[in-house]
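Readers should treat all values here as calculations from the given coordinates under stated rules, not as data from a laboratory. Keep in mind it's a predicted model, so treat the numbers as computed, not measured. Counting neighbours? That spans all protein chains shown, and the Cβs are built from the backbone with ideal geometry, glycine included.
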Amino acid sequence: MASPIVAPAPAPVHGGEPFIGLDATVLDFWRFSMSDLRTNTLRGYLAEFLVARAVGATKPRVEWDPFDILTPESVRVEVKSTGFVQAWTQAKPRESRSWVISQVAPYSAETGQVCGERDFQADVYVFAVHTVRSHQEYNALDLEQWIFYVLSRAQVVALPRDSRDRACATLLRVREAAEAIAYAELAAAVSKVAAGSA
């Protein structure tokens, strides 16, 4: 049996690193691929970054982790995001927002193996909503344009399920389960919900 190929820990990049054989830097790549913060994928990454900063997490995101953020207190946090303005032309802002939350099996980067059963892996779920409804006002970097809802794992487990046993969270259900909070209140809310679900 062949020895596994062990991946090294990623080294953070600052943007100035040059390509070899191309007159471009990592910053040029970021500008090319990550400039439109209205796209669903980038809004999701941005929401994860905001939540990580709020709770004091410093570890870079890992694509295959079964949750998005590990707080310094070892609280596992999953972040879901949405917004009313999209990167494409819309007849009007879409008011109906929803998320599907899959159960996943934990994976060990050290062994390259699945190391547990499929389940909802986070202790706390943060639903980040960018609230602006026009492109003229849209600024994803303005924290006053975001609101957050913090739910416990138990609350997510209790949500209705689809045919694939995924939890189905609508904005209405999330609003019924938790109070909307501003960014400044997020860290305290995550701590409180984590303590209540321990």
(request) Find, among the GluC sites (Glu not before Pro) in segment 39-124, those assigned to loop by DSSP (not H, G, I, E, B) with at most 14 other beta-carbon atoms within 10 angstrom. (result) Glu63, Glu73, Glu95, Glu110, Glu117
(request) Could you work out the local net charge near Thr89, counting Lys and Arg as +1, Asp and Glu as -1, over the other residues with Cβ closer than 14 Å to its Cβ? (result) +2
(request) Would you mind counting up the charge near Phe49? Only other residues with Cβ under 13 Å from its Cβ, with Lys and Arg at +1 and Asp and Glu at -1. (result) +2
(message) Can you give me the distance in nm between label points at Ala154 and Asp28, each placed 7 Å from the Cα along the Cα-to-Cβ direction?
(response) 5.5
(request) Considering only Pro72, Pro18, Pro60, give the residue with the highest GNM mean-square fluctuation for the chain, with springs between Cα atoms whenever their separation is below 10 Å. (result) Pro18
(message) Expected output is a single nm value to one decimal: the length gained when fully extending between Glu185 and Asp119, i.e. 0.36 nm times separation in residues minus the C-alpha distance. What is it?
(response) 20.9 nm
(request) Over every pair of different alpha-carbon atoms in segment 1-87, take the mean of 1/r and invert it; report that Kirkwood radius in Å. (result) 15.5
(request) May I have the pair-distance distribution P(r) for the chain, computed from all Cα-Cα distances with 10 Å bins from 0 and rounded to whole percent? (result) 8, 30, 34, 21, 6, 1
(message) Filter the chain for me: DSSP H helices, axial length by Cα at least 15 angstrom, mean Kyte-Doolittle hydropathy not below 0.0. List them by residue number.
(response) 40-55, 186-197
(request) Run through all the Cα pairs of segment 141-194 and give the fraction in each 5 Å bin from 0, expressed as whole percent. (result) 4, 19, 25, 22, 16, 10, 5, 1
(request) Kindly provide the trypsin sites (Lys or Arg not before Pro) of segment 110-198 that DSSP labels as loop, not H, G, I, E or B, and whose Cβ sees at most 12 other Cβ atoms within 10 Å. (result) Arg164
